Amino acid sequence: MAYPYVSDKEVRILSTYFGDPKQRHLDTYVERGGYKALEKALGMGADDVVNIVKDSGLRGRGGAGFPTGLKWSFMPKDSSRPHYLLCNADESEPGTFKDRELIRWDPHQLIEGCLIGAHAIRAQHVYIYCRGEFFETTQVLARALEDAYAKGYAGENILGTGHTIDVTVHAGAGAYICGEETGLMNSLEGKRGEPRVKPPFPAAVGAFGMPSTINNVETLCAIPHIVTNGGEWYKQYGTEKSPGTKLFCVSGHVNKPGNYELPLGFPLQELIDDVCGGVRDGNALKAVIPGGSSVPIINAEEVSRCTLDYEGCVEVGTMLGCASVIVMDETADIVKQVRRMVDFYAHESCGQCTPCREGSAWTAKIMRRIENGEGTEEDLDMLMEVTQKMVGTTICVLSDSVAAPVQSSIEKFRDEYLALIRRGERVGAA
Amino acid sequence: MSETVTLTIDGHEVTVPRGTTILEAAKTIGREVPHYCYHPGMSSPAMCRLCLVQVEGAPKPMPGCVTTVMDGQVVHTESEQAKADRQGVLEFYLVNHPLDCPICDMSGECDLQDYVHEEGREHGRSREPKRIFGRDDFGGDVLFYGDRCVMCTRCVRFMSEVEQDHRLTVVERGNRSVIDTFFEEGLEGTNWHGNIVDICPVGALVSKDFLHKARAWDLDHTPSVCTSCSQGCNIDLHTRDNLVQRLKPRENLDVNGWWMCDEGRHNYEWINKGDRIEAPLVRDSGASKAVGWKDALTGLLAAAGALDGAKIMAVASPLASNEDLGAFTGLVEAFGGGDTVYRSARAESEVVLKGFPTLARRKDLAANVHGADLMGATRVGGDDANGGLDDIAGHRGVILVLGDALADQDESFGSDAALYVYVGTHMSEATGNAHYVLPVTTFAEQEGTFTNLDGRVQRFWPGVEAPGMARPAWFVLGAMVAEMTEGEGARSAADAFAQLAGSVQAFGGMSYDDLGTRGAVVNETVSLAGD
């Protein structure tokens with residue numbers, strides 16, 4: 001198998017069967033050891049499952065890196081009201097393409113993770129909220145789920161254990177903001193996809209007003225492996241604070257872009273030079289966005305110091321996010337790239353909070369003006385100031401995501417902005 | 001856990017019930033934190049981000065409208081940081097705002113204008129072209145100017161949470177989001193949509209009726225009470241050039257909250273019409289002629305004195321104030337006593353405001369039906385406020401009429417009366433035979449009180465000047481009664497109310513001053529026919 005590219009530096013746990021269409025079949029999945037973890041977990045108490053996950057140190061793979069076991073432990077212990085497990089498969093962050101691959105190559109891995117997760121938080125219903133554009137992915141998942149129901153792995157009295165857990169695949173309608181956990185809940189309930197004010201937090205008031213936990217696809221896909229092998233086993237990979245493996249979605253100016261599963265703490269430079277076969281055409285590296293478009297951009301020097309774990313990224317002033325590594329070589333036009341990201345966020349802002357609704361669109365217009373050579377140096381200071389007013393002033397963090405690339409690119413690549421401004425001034429003078 | 005929380009807001013120690021929001025706690029020290037989406041009568045989506053305040057120890061500014069107070073919390077609403085945060089948010093509001101204040105109906109009472117004037121940047125920094133939505137007719141009385149909208153969604157929430165008729169929504173997202181109606185019907189056929197114009201903090205939703213009629217700063221505001229039904233919604237008369245320009249609800253949680261119905265809101269043009277009786281008229285051998293008050297009252301007194309035990313029949317109006325009705329009752333007594341009837345229109349059903357169910361457009365379509373009942377008057381006639389006066393029309397004794405213009409009666413009404421006194425605002429065919437016509441004021445031109453269906457006595461104040469020689473009925477009739485009984489006439493509405501409190505048990509012990517602007521409930525209520 002040569003799923004687009006592979007590397008011997010990889011530790012393939014979640015992505016073992018990427019590129020193998022047989023894995024989608026329930027029989028193959030079971031033959032290869034699938035649903036054993038489910039059987040084991042259903043034989044254990046809910047809290048024991050939570051403890052295994054706590055022991056593993058698994059952190060949420062959606063971007064925030066919140067410890068999964070701890071999140072599960074926030075759920076109420078009684079089941080007087082329905083609990084819900086929500087799986088966030090609304091993967092929309094520019095640069096991210098791991099969840100789609102996890103679902104389409106190994107749908108049962110996710111279903112098994114969801115069922116175990118539901119058992120752990122005493123939920124009897126799981127909603128898998130798929131991004132609206134994931135037509136093929138959603139179909140693959142729905143077919144796998146039908147098979148799982150047919151063979152008694154999901155639904156009533158799973159594997160004769162008396163446990164009932166239903167799973168519903170829900171297709172979104174194509175809005176980035178529905179990947180925000182409370183926006184997803186509103187969308188799932190049939191309302192506008194608008195993030196909710198927290199508190200109350202989902203563990204108290206979540207989907208349909210009931211206690212809910214929401215986890216990323218990749219997080220839930222790791223669960224069967226952790227339940228099977230134990231927390232200690234999982235901790236052998238990665239760093240002390242960021243244990244385990246992580247899928248890195250590498251895109252941009254590298255020779256071998258793609259999904260790579262690597263232990264956390266892997267050096268970013270090595271990822272680019274070795275795993276991905278280096279920057280294309282032997283060009284020099286200019287910049288990397290290591291965690292999806294909402295994290296600060298870093299320059300080549302910072303890349304050389306950056307390790308790919310939650311703490312390592314913070315050390316160089318950025319974030320691991322969902323580990324979507326966007327690589328830009330010396331030919332990249334930073335201003336244009338940032339403008340495109342801001343356009344994206346302006347388009348995807350839900351429009352509730354004023355700083356985001358007005359600020360993102362305004363920032364996009366200013367960026368466009370600068371790109372067209374009609375900017376001034378004062379615009380840069382104003383951009384820094386205006387985007388700062390979008391940080392921490394809104395219900396969700398979408399507007400912070402506008403600020404991150406703008407501010408970091410102005411700080412680190414001010415020359416590129418100035419060059420466009422000067423060129424515009426020359427044209428204007430002539 | 002104690003029931004109260006003590007915290008510090010802008011250096012003041014504040015103790016409020018647990019669960020109070022910072023914004024509401026700040027109100028208790030007179031600090032109004034700027035806000036758009038928060039409204040005390042609806043849920044708080046915390047989306048306008050204008051009420052962000054600085055809370056010591058919190059990593060981010062907190063929305064005051066949804067953040068509940070905690071013991072020992074230190075809140076700053078006026079610190080450099082809080083002001084800077086607010087100024088930042090205000091700048092965003094102006095990025096796409098058309099700044100068309102000179103032609104905007106809301107100008108002068110606009111929260112965006114006020115806040116920016118108070119705390120905004122001196123100069124806007126946006127050089128970019130603005131997004132343009134244009135206008136939309138939302139149906140009913142509402143026009144939508146999309147470009148002025150601040151997206152607070154108060155209107156959407158009013159329709160869904162308070163009127164509970166989902167007629168408005170937000171469509172699209174980001175800065176393309178805009179308020180819109182479903183289908184073509186828009187707000188057509190809803191009964192409370194005028195309120196969304198009131199709660200719109202800017203000029204996005206304006207009243208077609210009021211459009212371009214007056215500037216906000218030219219309007220005088222007079223507290224009053226709506227006369228369109230027996231609910232007695234507290235309102236303000238907005239007047240200019242001695243004309244009522246519009247009615248607006250006035251907050252009173254015991255009666256109407258912040259709301260009023262569309263019927264009541266638009267029932268004001270009759271006040272401005274100018275088809276009024278402006279001078280006392282005395283009929284002498286067939287023809288009526290205008291005279292001064294002194295001549296009219298002197299003549300009437302003489303006529304009354306000349307009567308020889310004639311039977312009295314009286315017609316009052318449920319639109320007259322308690323004081324007017326009290327003076328009228330006094331006059332009937334002074335003439336020797338008799339039965340007083342009144343007629344009042346009734347609707348088939350109530351129109352309840354579902355999200356504020358103690359408020360409804362009531363069946364009785366007059367402000368003081370309850371007052372008339374307490375005064376001992378009897379309801380006659382049909383639900384259309386017509387008929388029921390057959391005995392009186394041909395009465396040969398004394399006919400006294402207050403306020404009821406007798407529009408359904410013909411010109412023979414009172415033609416056989418020994419003495420026919422019409423005290424009112426408008427003439428009709430049936431008033432032609434009156435020996436004395438005494439012009440009086442409407443509720444908009446005088447002080448007084450109404451008693452609503454719950455027995456709440458509520459004051460209103462004069463917002464426009466009375467035409468010609470028209471005077472309040474309590475004043476005119478009170479003077480007559482004083483002359484006839486050698487008593488003391490009322491010199492003010494307060495005097496008239498005090499007399500009422502002394503003579504009608506239901507009003508006993510009540511004080512005009514204590515009623516204030518919110519009213520008080522009478523000692524006893526009578527059950528209204530049909531309720």
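The values are calculated or read from the model by the stated rules, or taken from the named source; none is laboratory data. Computed from a predicted model, the values in this text were never measured in an experiment. Every residue, glycine among them, receives a Cβ derived from its backbone with ideal geometry; neighbour counts consider all protein chains shown.
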Worksheet item: Which of the following residues is in contact (Cβ under 8 Å) with a residue 40 or more places away in the chain and under 29 Å from A:Gly57 (Cβ atoms): A:Cys313, A:Cys350, A:Cys356, A:Cys276?
Response: A:Cys276
Response to the item:
Of those in the stretch A:369-389 that are β-branched (Val, Ile, Thr) and at the interface with chain B (Cβ under 10 Å from one of its Cβ atoms), the residue nearest to A:Ile334 (Cα to Cα) is A:Thr376
Practice prompt. Any chance you could count how many residues in the stretch B:153-181 are within 13 Å of chain A (Cβ to nearest Cβ), of a type in the set (Asp, Glu) and part of a helix (DSSP H, G or I)?
Written response: 0
Worksheet item: Does B:Val421 satisfy the criteria of being at pLDDT 95 or above and either more than 29 Å from the chain's Cα centre (by Cα) or of a type in the set (S, T, N, Q) (or both)?
Response: yes
Practice prompt. For residues that are of a type in the set (Ser, Thr, Tyr) and farther than 26 Å from B:Cys149 by Cβ, tally how many sit in the stretch B:67-108.
Written response: 2
Response to the item:
Restricted to the stretch A:193-202 and to residues being crowded, with 19+ Cβ neighbours inside 10 Å and within 11 Å of another protein chain (Cβ to nearest Cβ), the residue nearest to B:Val66 (Cα to Cα) is A:Arg196
Discussion item. Over 23 Å from the mean Cα position of the chain (by Cα) and over 14 Å from B:Gln231 (Cα atoms): which single residue out of B:Ala302, B:Ala316 fits that description?
Written reply: B:Ala302
Worksheet item: Any idea which of A:Lys286, A:Lys336, A:Lys365 is of a type in the set (Lys, Arg), touching a residue at least 24 places away in the same chain (Cβ under 8 Å), out of contact with any His (no Cβ under 9 Å at 6 or more places or on another chain) and surrounded by fewer than 24 Cβ atoms within 10 Å (Cβ to Cβ)?
Response: A:Lys336
Item to complete: Looking at (1) within 14 Å of chain B (Cβ to nearest Cβ); (2) buried (at least 22 other Cβ atoms within 10 Å of the Cβ), find the lone condition where A:His347 falls short.
Response: (2)
Item to complete: Filter the stretch B:77-127 for residues that are more than 21 Å from B:Asp218 (Cα to Cα) and of a type in the set (Gly, Ala, Ser) and give the result.
Response: B:Ser79, B:Ala82, B:Ala84, B:Gly88, B:Gly120, B:Gly124, B:Ser126
Worksheet item: Is it the case that A:Asp99 is among the charged types (D, E, K, R) and either under 14 Å from the mean Cα position of the chain (by Cα) or crowded, with 24+ Cβ neighbours inside 10 Å (or both)?
Response: yes
Discussion item. Being at the interface with chain B (Cβ under 7 Å from one of its Cβ atoms) and assigned to a helix (DSSP H, G or I) is the filter here; which residues of the stretch A:350-359 pass it?
Written reply: A:Thr354, A:Pro355, A:Arg357, A:Glu358, A:Gly359
Worksheet item: Looking at this structure, is B:Gly108 closer than 22 Å to B:Asp198 by Cα, away from chain A (no Cβ under 14 Å), surrounded by fewer than 19 Cβ atoms within 10 Å (Cβ to Cβ) and in contact with a Cys (Cβ under 9 Å, 6 or more places away or on another chain)?
Response: yes
Worksheet item: Can you spot a residue in the stretch A:113-128 that is within 20 Å of A:Val205 (Cβ to Cβ), more than 17 Å from the chain's Cα centre (by Cα) and free of Cβ contacts under 8 Å to residues at least 24 places away in the same chain?
Response: no
Practice prompt. Report yes if some residue within the stretch B:399-422 is under 24 Å from B:Arg346 (Cβ atoms) and touching a Pro at 6+ places or on another chain (Cβ under 7 Å); otherwise report no.
Written response: no
Item to complete: Name every residue in the stretch B:39-63 that is more than 9 Å from chain A (Cβ to nearest Cβ) and under 24 Å from A:Glu385 (Cβ atoms), in order of residue number.
Response: B:Cys51, B:Val53, B:Gln54, B:Val55, B:Ala58, B:Met62
Worksheet, complete the sentence: Picking from A:Glu189, A:Glu181, A:Glu240, the residue that is surrounded by fewer than 17 Cβ atoms within 10 Å (Cβ to Cβ) and under 18 Å from A:His83 (Cβ atoms) would be A:Glu189
Discussion item. Quick check on the stretch B:1-38: of everything there that is farther than 22 Å from B:Glu118 by Cα and within 14 Å of chain A (Cβ to nearest Cβ), which residue is surrounded by the most Cβ atoms within 10 Å (Cβ to Cβ)?
Written reply: B:Thr21
